[in-house]
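Notes for the one structure printed next.
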There are 2 protein chains.
Amino acid sequence: VTADPSLFVFGPHATPEHLAETARANLSGVWHGARIHPYAPVPNTPVRLHIDVGANLAVSRVSVRCDSEGSAPGPDAPVFEATHRGTRWDDLAWRYVDEWVAELPGKPDGTRVRYAIQGHSAMTGASYDADSSAYQGTPTLFGYTVRDAKPPAWLDDAVIYQIFVDRFYRHGDAFDRPLTAPDEVYGGDLQGVREKLPYLVDLGINAIWLTPIVEAETYHRYDAVDFRTVAANLGGPDALHRLVDDAHRQGIRILLDLALNHASWRNPYFLDARQNAASRYRSWFRFTDWPDGYESFFGVSHLPELNTDLPEVVDYLMETAAWYLREFDVDGFRLDYALGPSLLFWSEFSTRTKAVKLDAYTVGEVTASPAELARFQGRLDGCLDFPELQAFRQYFVHRSIDSAAFHAFLERNDAFYDAHFSHPSFLDNHDMNRFLWAAKGDKQLLKLAATCQFSLRQPPIIYYGSEVGLSQTGDVSACGFDASRLPMFWGDARDTDLLEFYRRLIRGRREYSALRSGRRTPLVAEGNVYAYRCHGEDGDVVVALNGSDGEVIVDVGGAGRDLITGEEVSGPTSLDPLSGIMVPVA
Amino acid sequence: VTADPSLFVFGPHATPEHLAETARANLSGVWHGARIHPYAPVPNTPVRLHIDVGANLAVSRVSVRCDSEGSAPGPDAPVFEATHRGTRWDDLAWRYVDEWVAELPGKPDGTRVRYAIQGHSAMTGASYDADSSAYQGTPTLFGYTVRDAKPPAWLDDAVIYQIFVDRFYRHGDAFDRPLTAPDEVYGGDLQGVREKLPYLVDLGINAIWLTPIVEAETYHRYDAVDFRTVAANLGGPDALHRLVDDAHRQGIRILLDLALNHASWRNPYFLDARQNAASRYRSWFRFTDWPDGYESFFGVSHLPELNTDLPEVVDYLMETAAWYLREFDVDGFRLDYALGPSLLFWSEFSTRTKAVKLDAYTVGEVTASPAELARFQGRLDGCLDFPELQAFRQYFVHRSIDSAAFHAFLERNDAFYDAHFSHPSFLDNHDMNRFLWAAKGDKQLLKLAATCQFSLRQPPIIYYGSEVGLSQTGDVSACGFDASRLPMFWGDARDTDLLEFYRRLIRGRREYSALRSGRRTPLVAEGNVYAYRCHGEDGDVVVALNGSDGEVIVDVGGAGRDLITGEEVSGPTSLDPLSGIMVPVA
């Protein structure tokens, strides 16, 4: 496994050892894992719950207590009995597992269903709460909102640009001073972003994802000292108002990045919780041994985890999101470490967010397998597509899969999720080596990958600077994630050829619906050569990628002007080594 | 994983790494794995085939070519198209997998169906044989025989005694000389077994499994120099004739042990195949680089693997089995390393064996998970129950699971397989530490485990000497498997208390159908105390096992005489530490 460098994306989560540990933990008791069918419940249609009982329990009955008013089910709530469907052997947990299924009745649009599950042993009289190992004391609450879950229509032709705020631009600054430390506060701010809107409009993007803008301790701000703020050194609330207003005027939407799983240990609620035994905030965090023992993000003590199961915390965080929507009219949220809070939390997050702004977008950072991502269907509009990022690295950078396998991946990745599940594509972000660095600076590989990325149905995300050749001076494996967050190039360092390439790519995608339809017919998929025809309502576009070291001939099956070079091509067309074309064909 | 010492049973096969490797290998191409539903096809009922296509192939069509006359399907054989059922994510292989299903029409009783599977790529025009990685060159042939597959009725009340022939008894020998080497030929023979038939009749068993009796190089004889023999130093064919005749007269059936996966490198066919480039036997083995490179059992060069896919080899081995049945009237076969040859091989083996002797028994050694064992349903009458052996070790020896978990395991293990799948129970065999050695000589633990074993539905197997306290002088981890094959105790070393215990246990099981019904109601399952009521047509038997270090009271819910001690018990009954009772209750 470790032989495949693309697995960096998932770290230990993709290893058999971790999978086995997880399976053993889940299957030691009664396990639901919020596995419902369909994942996105629709009005007036029953919902099936899947429940596994591991080999260590002699459970003879499984029951589901259910509330349809958005509250935890009380003792008088209706109970639905599950049916035993059979026994399977689980290789990973190396044990038998009993499979139970329960059905909850269909409910009208907008119903907020809450339920808890228990297994019962007739033999011992004992009852076991489902998924109880993940929580302390109280039974785990599950839930969903019945609704026709669809991402906002504006996603259909969105091209998203990720700005790492501290490293993008600052008003009145040449922004070319060397970093004095990898994690210094360099000074990028919201006015800086606003001043660069013309640059972004010219580039062609129509949505910006801003990394966190809250008061925080660090330059990256994924550690909120105050969740409901705009940091003073970014320009404060006024700067955000002005940025959103200007962006909207120019057809650009603004997404904020919320890290709700944890806070900074300098967060006043946490300080109060630690200093004051009677603090009303003590339960907001997950103290295991107050005041110094508490759960924290990957064990990092300055990032204490919030108790996102507590109704007060849920209210506080969701009111915070609502405040950004109401006060600043932002267009949605990228949700950091969405694997932290429960799926019920995200269900409620989307429900409350969309109640304030119907076309707000909610997209989670879920660094996990497609099977895990799929569980967020109906809870969030979508998840960033990490599995696809891995396939891009495997195919374009590491060459560990060939064109046929890459094609097979893309086809299956499209078909796997609900049609309405959003899973934006990206080639890199602030938590990994940039694509260009991984490709050892070979910008032709970046161009090939981006050309493919921009022909897929899901909206593409560009990590700031990719379009001007921004790379790294060291590897994240040696230098940490800071290495991939260097200050944006604004001066002569810019690769204007790459910039022009990206301009044309973005313009092409926005102009030709075929590049956003997701309907593809493969033409060639051999070795490192991959060509396909994208089908649109108003015409087709042929994409041909020559990832090999030799010239190849691809028949584009028509004639047209390459959207990237502007050259006319027709029929059998010669492609230079490591080059691609994107040709609307008549 | 390695922390659980009971996993020795499966070795590396139970590790996540091995499972992941297997999953990646299977799911890199078109994979069937002989997964059919039902595993034991019955007359005039369609059979569903499950086929997976791994992420590396762009397969757009899957077809099955099928013959119903027992031959490999030719180019004119009918073709059945598979249907694409969906895409799943496989965590272990860490890739998408397309699921296809095909249906073959129901056929009359006795039909021998053969089929091969191909995936086709419309994009590249390529075709891929299913499971091709496992074989060289030719497409893998799958198959089954349509029949009402049931083990012989005599299995219902069988108690099987495993004799390691070289170490059991020799005519006219005190059989108490110390071994001069762990792997010496000690001298046990078939006449020795025959002379001890009265002992076995007195013990109460009614079937004997003899380890291999062929001409071989070693004392264990799992390395046939001649497959179709009775070794001269065991007494030759005459000795087997006399043993079978005498045994049958006394109501005891005889099972032979066939190791068909591999031969000795002194086997004349193998010698010829290596010495003679034009040898007709060259294809009988799996040469990778003739004459010195060939596949062998776990890489042991003196155990070359037979090419059990070759029709001539199939005929030779099956005629060998038929010869034992016809010539000696033996009652069936224990099949060594049944994971080696294909499931088609075993299907054919059972078909041909039962054509000679309808109530011959075929049982495989399959050291693998229940999911793997289940694949042998319909192919063999059954498999030795290694997963259950593991649970016995976990519960009685290592104490790594409690009574509730052990009970849950037994219940699930019964329900998991087809009702007609035979999976005999055993506490140890010649390839692992004896139970008594693993239990550090504590014979009370052996008694508890055996009491439980003799109350389960499946026929129990006793490894020779267990009934007289035969143990080891060293651990198999240090000394190899030879350590568990010491000469039988015939003299004063015998534990006569244990022997009497086993006599009564066997008599009890044979007398009370409740102990063979598999219908149990748990009474107590807490910590190390486990009690249950077995239900029979003609009355119930309560089994109570106190594996704890303290006295416990168990209500037997009636009155009766303990089959083991002969003592009368009724109602709430006190059990000493580490003791059990088996009480027919009125």
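The values are calculated or read from the model by the stated rules, or taken from the named source; none is laboratory data. None of the values given here were measured: they were computed from a predicted structure. Every residue, glycine among them, receives a Cβ derived from its backbone with ideal geometry; neighbour counts consider all protein chains shown. Quick note on the areas: whole protein, heavy atoms, side chains included, nothing else; ligands and nucleic acids left out. Shrake-Rupley method; radii C 1.70, N 1.55, O 1.52, S 1.80 Å.
Remarks
- Some residue of segment A:521-531 being assigned to a loop (DSSP other than H, G, I, E, B), open to solvent by 20 Å² or more (accessible area, probe 1.4 Å) and within 17 Å of A:PHE454 (Cα to Cα): no
- Taking (1) touching a Lys or Arg at 6+ places or on another chain (Cβ under 7 Å); (2) surrounded by fewer than 23 Cβ atoms within 10 Å (Cβ to Cβ); (3) not aliphatic (A, V, I, L, M) in turn, B:ARG509 satisfies each apart from (2).
- Residues that are open to solvent by less than 70 Å² (accessible area, probe 1.4 Å), more than 11 Å from chain B (Cβ to nearest Cβ) and part of a loop (DSSP other than H, G, I, E, B) within segment A:89-115 comprise A:PRO105, A:GLY106, A:LYS107, A:GLY110, A:THR111, listed in sequence order.
- Residues being more than 14 Å from chain B (Cβ to nearest Cβ), of a type outside the set (A, V, I, L, M, F, W, C) and either open to solvent by less than 20 Å² (accessible area, probe 1.4 Å) or more than 31 Å from the chain's Cα centre (by Cα) (or both) - total across segment A:40-60: 1
- A:LEU310 being open to solvent by less than 10 Å² (accessible area, probe 1.4 Å), on the phi < 0 side of the Ramachandran plot and touching a residue at least 12 places away in the same chain (Cβ under 8 Å): no
- Summed over segment A:553-564, the residues that are at pLDDT 95 or above and within 11 Å of A:VAL542 (Cβ to Cβ) give a count of 7.
- Flag for A:GLY86 being at the interface with another protein chain (Cβ under 9 Å from one of its Cβ atoms), on the phi > 0 side of the Ramachandran plot and surrounded by fewer than 21 Cβ atoms within 10 Å (Cβ to Cβ): yes
- Among the candidates A:GLU537, A:GLU567, the residue that is away from chain B (no Cβ under 14 Å) and at pLDDT below 95 is uniquely A:GLU537.
- B:GLY547 vs. criteria at positive phi, open to solvent by less than 40 Å² (accessible area, probe 1.4 Å) and more than 14 Å from every other protein chain (Cβ to nearest Cβ): no
- Residue within segment A:130-141 that is closer than 20 Å to A:TYR502 by Cα, open to solvent by 10 Å² or more (accessible area, probe 1.4 Å) and in a loop (DSSP other than H, G, I, E, B) present: no
- Hey, A:THR308 assigned to a loop (DSSP other than H, G, I, E, B) and under 21 Å from A:ARG194 (Cα atoms) or not: no
- Any hit, segment B:71-79, residues being in contact with a Gly (Cβ under 9 Å, 6 or more places away or on another chain), of a type outside the set (A, V, I, L, M) and over 24 Å from A:ALA93 (Cβ atoms): no
- B:HIS37 being more than 12 Å from chain A (Cβ to nearest Cβ), open to solvent by less than 30 Å² (accessible area, probe 1.4 Å), under 30 Å from B:SER350 (Cα atoms) and under 24 Å from the mean Cα position of the chain (by Cα): no
- Filter result for B:GLU312 (in contact with an Asp or Glu (Cβ under 8 Å, 6 or more places away or on another chain) and among the charged types (D, E, K, R)): no
- When A:PHE328 is tested against (1) open to solvent by less than 10 Å² (accessible area, probe 1.4 Å); (2) in contact with a Gly (Cβ under 8 Å, 6 or more places away or on another chain), exactly one condition is not met: (2).
- Here segment B:65-83 is the region considered, the condition is being surrounded by 15 or more Cβ atoms within 10 Å (Cβ to Cβ) and not polar (S, T, N, Q), and the residue that is modelled with the lowest pLDDT is B:ALA72.
- Every listed requirement among (1) over 24 Å from B:SER350 (Cα atoms); (2) in contact with a helix residue (DSSP H, G or I) (Cβ under 7 Å, 6 or more places away or on another chain); (3) among the acidic types (Asp, Glu); (4) more than 13 Å from chain A (Cβ to nearest Cβ) is met by B:ASP157 save one, (1).
- B:GLN444 being away from chain A (no Cβ under 14 Å), open to solvent by 10 Å² or more (accessible area, probe 1.4 Å) and of a type in the set (S, T, N, Q): yes
- Enumeration of residues in segment A:373-409 that are at the interface with chain B (Cβ under 10 Å from one of its Cβ atoms) and touching a helix residue (DSSP H, G or I) at 6+ places or on another chain (Cβ under 9 Å): A:LEU373, A:ALA374, A:PRO387, A:GLN390, A:ALA391, A:ILE401, A:ASP402, A:SER403, A:ALA405, A:PHE406, A:PHE409
- Options A:LEU384, A:LEU380, A:LEU410: the member that is over 16 Å from A:PRO5 (Cα atoms), in contact with a Ser or Thr (Cβ under 7 Å, 6 or more places away or on another chain), of a type outside the set (S, T, N, Q) and open to solvent by less than 10 Å² (accessible area, probe 1.4 Å): A:LEU380
- Count - residues of segment B:343-364 that are touching an Asp or Glu at 6+ places or on another chain (Cβ under 8 Å) and open to solvent by less than 20 Å² (accessible area, probe 1.4 Å): 6
- Odd one out for B:SER477 among (1) surrounded by fewer than 21 Cβ atoms within 10 Å (Cβ to Cβ); (2) farther than 30 Å from B:ALA360 by Cβ; (3) modelled with pLDDT of 95 or more; (4) not aliphatic (A, V, I, L, M): (3)
- For A:TYR417, the criteria (1) surrounded by 22 or more Cβ atoms within 10 Å (Cβ to Cβ); (2) in contact with a Leu (Cβ under 8 Å, 6 or more places away or on another chain); (3) in contact (Cβ under 8 Å) with a residue 12 or more places away in the chain hold in every case but one, which is (1).
- A count restricted to segment B:413-438 and to residues that are away from every other protein chain (no Cβ under 14 Å), closer than 17 Å to B:ALA449 by Cα and out of contact with any Lys or Arg (no Cβ under 6 Å at 6 or more places or on another chain) stands at 12.
- Annotation: A:ARG85 fulfils all but one of (1) over 33 Å from the mean Cα position of the chain (by Cα); (2) within 28 Å of A:PHE285 (Cβ to Cβ); the unmet one is (2).
- Summed over segment A:419-455, the residues that are within 17 Å of the chain's Cα centre (by Cα) and either within 17 Å of A:SER517 (Cβ to Cβ) or assigned to a helix (DSSP H, G or I) (or both) give a count of 8.
- A:ARG412 without any contact (Cβ under 8 Å) to a residue 60 or more places away in the chain, out of contact with any Leu (no Cβ under 7 Å at 6 or more places or on another chain) and not in a loop (DSSP other than H, G, I, E, B): yes
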